[in-house]
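Student: Take a look at this one; I'll ask things after.
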Amino acid sequence: MDILLEHRDYLVINKAAGIGMHQEGDQPGLVRQLSETLGEPLYPVHRLDKITTGVLLLARNPDANRELSRQFAERSTRKWYLALSDHKPTKKQGLIKGDMEKARGGSWKLCRSLHNPAITRFHSTLLVEGLRAFLLQPQTGKTHQLRVALKSQGCAILGDSRYGGSVADRGYLHAWQLSFSYRGERVTVRAPLTEGEHFIGHTAELESWASEIMAAIKIN
């Protein structure tokens, strides 16, 4: 487990691919594994899907958990993800909005209705021939939100077999940057791209492009 930032009240780690947050059958989840390794209870402030790597925030006590969880509930945190697809989206950038409903086998689908919509802002660029990069900013926190959002644009995430992504060595979704506040201090943490041949092979281009987009819209 790669610890990116250690505070007396919380930890920020770079989550690995292929591990879930909680126990599945006899397989302990990430929270239990890390708690046992560090010898202390940990509280997941938010969650990342099993295929997703990147910035994950865990509280080290109930008070910190309440404070940090409140920010996620109030949407005062800022989350940025990087993703790859081998398909072109129906539009290059913009908002993807819609209610999410359960589909078969634990999957979800995006609907046209807007009663309690999932909202995702995205930008995309051609990285190399046959491979597109996406910078995603979820403005809500629905289950599988980003995966469903890109599928709705005809560009399922590379390696995301659940939503029709092409076969790859991993699911190419990475929680790249998280910003939150704690006791009057604004904290921003980025997680390096350490897994997946397509991420590792294009790290410099991806991070340079994403940083330029974020600077242009003056949001961190």
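The values are calculated or read from the model by the stated rules, or taken from the named source; none is laboratory data. Remember, predicted model here, so these are calculated numbers, not experimental data. In this analysis, Cβ positions are derived from the backbone assuming ideal geometry, glycine residues included, and neighbour counts consider all displayed protein chains. Note: accessible area is taken over every heavy atom of the protein model, side chains too, but ligands, DNA and RNA are not part of it. Shrake-Rupley method; radii C 1.70, N 1.55, O 1.52, S 1.80 Å.
Student: Order Ser35, Ser76, most accessible first, counting only protein heavy atoms with a 1.4 angstrom probe.
Tutor: Most to least solvent-accessible, the answer reads Ser76, Ser35.
Student: Let me ask something additional. Given the rule -39500 (n - 2.57) for each run of at least 4 DSSP H residues, summed and divided by the residues of the chain, what is its mean residue ellipticity at 222 nm, to the nearest 500 deg cm²/dmol?
Tutor: -6500 deg cm²/dmol
Student: To continue, here is another question. Where does the stretch 1-80 land on the Kirkwood hydrodynamic radius, alpha-carbon pairs, in angstrom?
Tutor: 12.9 Å
Student: Would you mind working out the magnitude of the charge dipole of the stretch 79-121 relative to its Cα centre, with +1 at each Lys and Arg C-beta and -1 at each Asp and Glu C-beta, to the nearest 20 Debye?
Tutor: 120 debye
Student: For the stretch 47-142, which semi-axes, largest first and in whole Å, follow from the square roots of 5 times the eigenvalues of its Cα gyration tensor?
Tutor: 27, 18, 14
Student: Using a Förster radius of 35 Å, what is the FRET efficiency between Val167 and Leu114 based on their Cβ-Cβ separation? Nearest 0.05, please.
Tutor: Calculated value: 0.55.
Student: Here's a follow-up. Give me the net charge of Gly20's neighbourhood, meaning all other residues with Cβ under 14 Å from the Cβ of Gly20; Lys, Arg count +1, Asp, Glu -1.
Tutor: Value of the local net charge: +2.
Student: Let me ask you something else. Ordering Trp80, Trp108 by how much accessible area each has at a 1.4 Å probe, largest first, what is the list?
Tutor: Listed by decreasing accessible area, they come as Trp108, Trp80.
Student: Lys and Arg at +1, Asp and Glu at -1: add these up for the other residues within a Cβ distance under 12 Å of Asp169 and post the number.
Tutor: My count for the surroundings of Asp169 gives -1.
Student: As I understand it, the dipole of the chain uses +1 on the Cβ of Lys and Arg and -1 on the Cβ of Asp and Glu, about the Cα centre. Which of Val128, Pro138, Asn116 lies farthest toward its positive end?
Tutor: Result: Asn116.
Student: Further question: Using only protein heavy atoms and a 1.4 Å probe, report how much of Lys102 is accessible, in Å² to the nearest 10.
Tutor: We get 150 Å² for Lys102.
Student: What is the sum of charges, Lys and Arg at +1 and Asp and Glu at -1, for the other residues whose Cβ falls under 12 Å from the Cβ of Lys151?
Tutor: +2
Student: Mind checking the dipole of the stretch 86-175: about its Cα centre, +1 per Lys or Arg Cβ, -1 per Asp or Glu Cβ, Debye to the nearest 20?
Tutor: With Lys and Arg at +1 and Asp and Glu at -1, about 280 debye.
Student: What does the convex hull of the Cα atoms come to per residue for the chain, in Å³?
Tutor: 130 Å³
Student: If the cut-off is 21 Å between C-alpha atoms, which lysines fall inside it for Lys142, apart from same-chain ones fewer than 8 positions away?
Tutor: Partners within reach: Lys15, Lys50, Lys79, Lys97, Lys102, Lys109, Lys151.
Student: Taking the Cα centre of the stretch 138-202 as origin, work out the dipole magnitude from +1 charges on Lys and Arg Cβ and -1 charges on Asp and Glu Cβ, in debye rounded to 20.
Tutor: 320 debye
Student: Here's another thing I want to ask about it. Keeping all protein chains in place and using 1.4 angstrom, which order do Glu40, Glu101 fall into by accessible surface area, from largest down?
Tutor: Order by accessible area, largest first: Glu101, Glu40.
Student: Using the scaling law 2.2 N^0.38 Å as the reference, what is the normalised Cα Rg of the stretch 162-220?
Tutor: Here the Cα radius of gyration is 1.39 times the empirical estimate.
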